[in-house]
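Read through the structure below, which is laid out as structure tokens, and then see the notes.
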Ligand SMILES: Cc1cc2nc3c(=O)[nH]c(=O)nc-3n(C[C@H](O)[C@H](O)[C@H](O)COP(=O)(O)O)c2cc1C
């Protein structure tokens with residue numbers, strides 16, 4: 001069962017830089033909550049210890065070919081067995097960037113999150129096209145909302 005750990009794990013993958021920018025803004029927003037530790041990592045560098053240590057996870061993926069980035073899937077492939085039954089109820093959120101859609105990536109990540117039995121606590125965010133100031137501010141707000149919810153024990 002997920003505990004009240006005050007740490008948010010933000011994993012992302014980015015080939016072209018858009019998701020990296022988005023993930024940095026999400027993490028910047030989360031870091032405004034001083035009681036919460038925010039760990040920002042490329043999915044390829046994150047592993048089971050990061051997952052078992054967090055009280056919430058945020059997943060940032062571009063949509064590639066109608067689904068999540070391969071490295072996000074790889075994180076799930078590598079952690080599922082060891083995490084099974086140990087992260088039940090973990091609050092999660094997805095943010096996606098896409099050229100014209102993004103819904104496939106969200107849907108596929110949601111299906112996997114259901115396998116881990118994670119808990120959706122906020123609406124996922126889908127950004128189509130290059131994020132501007134408004135979208136980046138929205139990401140910061142989302143990160144801060146997740147962190148505040150975790151800090152206050154709402155999630
Ligand atoms: C190989 C590849 C496949 C893509 N497939 C899709 C897709 O299926 N749907 C979509 O909306 N955008 C698609 N895109 C556009 C990316 O989702 C978009 O450019 C995104 O911002 C890239 O993020 P990144 O810069 O972090 O890699 C694709 C881009 C690449 C490079």
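The numbers here are math on the coordinates, done by the rules we state, and not lab data. Values in this document were obtained by computation on a predicted structure and should not be read as measured data. Note: ideal-geometry Cβ built from the backbone for every residue, glycine included; neighbour counts use all protein chains shown.
Results for (1) in a loop (DSSP other than H, G, I, E, B); (2) more than 10 Å from the ligand (Cβ to nearest atom), shown as yes or no for each residue.
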site	(1), (2)
49	no, yes
59	no, yes
75	no, yes
80	no, yes
87	yes, yes
93	no, yes
105	no, no
109	no, yes
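Of all residues in the range 64-71, at least one satisfies being assigned to a loop (DSSP other than H, G, I, E, B) and more than 14 Å from the chain's Cα centre (by Cα).
Restricting the range 1-20 to residues that are part of a helix (DSSP H, G or I) and under 14 Å from the mean Cα position of the chain (by Cα), which is farthest from the ligand (Cβ to nearest atom)? Among those residues, the one meeting the criterion is 20.
Could you check the range 133-147 and list, in sequence order, the residues that are farther than 21 Å from residue 36 by Cα and more than 13 Å from the ligand (Cβ to nearest atom)? Talk me through it step by step, then tell me what you get.
Let us first name the residues in the range 133-147 that are farther than 21 Å from residue 36 by Cα, namely 133-135.
Result: 133, 134.
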